[in-house]
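All remarks here apply to the structure that follows.
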Amino acid sequence: MSDTTYTRDQVADAVNAGAGLVLDGGLNLGERDEDVINLIVNAALAVLDMPGATGEDPKITLDEVMDQNYDGGAAEVRSWWSNWS
């Protein structure tokens, strides 16, 4: 394991670049897949910003992530998934 320390910006860049690799990787992802990947990026960065957060105790809820990052908040984002077939 590396002792390298990364800044929040470096982590954000890496997570977004990783998402970009998947999104642009020729997998023929649909809008639903793109939305969930972007939601995961936002959730990961929100957990990163929470002092004392761990995988078992992220200190933030998914609804809070959606409220902070999307117009219309959690209600709007959740409606996207109820409309997918």
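The values are calculated or read from the model by the stated rules, or taken from the named source; none is laboratory data. Please read all numbers here as calculations on a predicted model, not as lab measurements. Ideal geometry is used to build each Cβ from the backbone, glycine not excepted, and the neighbour counts take in all protein chains shown. Accessible surface is based on the protein model in full, side chains and every heavy atom, while ligands, DNA and RNA are left aside. Shrake-Rupley method; radii C 1.70, N 1.55, O 1.52, S 1.80 Å.
A few comments on the model shown:
- Selection count, region 49-79, where residues are open to solvent by less than 80 Å² (accessible area, probe 1.4 Å) and in contact with a helix residue (DSSP H, G or I) (Cβ under 6 Å, 6 or more places away or on another chain): 11
- Within region 17-32, restricting attention to residues that are open to solvent by 80 Å² or more (accessible area, probe 1.4 Å), part of a helix (DSSP H, G or I) and free of Cβ contacts under 8 Å to residues at least 40 places away in the same chain, the residue that is nearest to Asp49 (Cα to Cα) is Leu21.
- Counting the residues of region 33-45 that are free of Cβ contacts under 8 Å to residues at least 24 places away in the same chain and hydrophobic (A, V, I, L, M, F, W, C) gives 4.
- Subset of region 60-85 [at pLDDT below 90 and not aromatic (Phe, Trp, Tyr)]: Ser82, Asn83, Ser85
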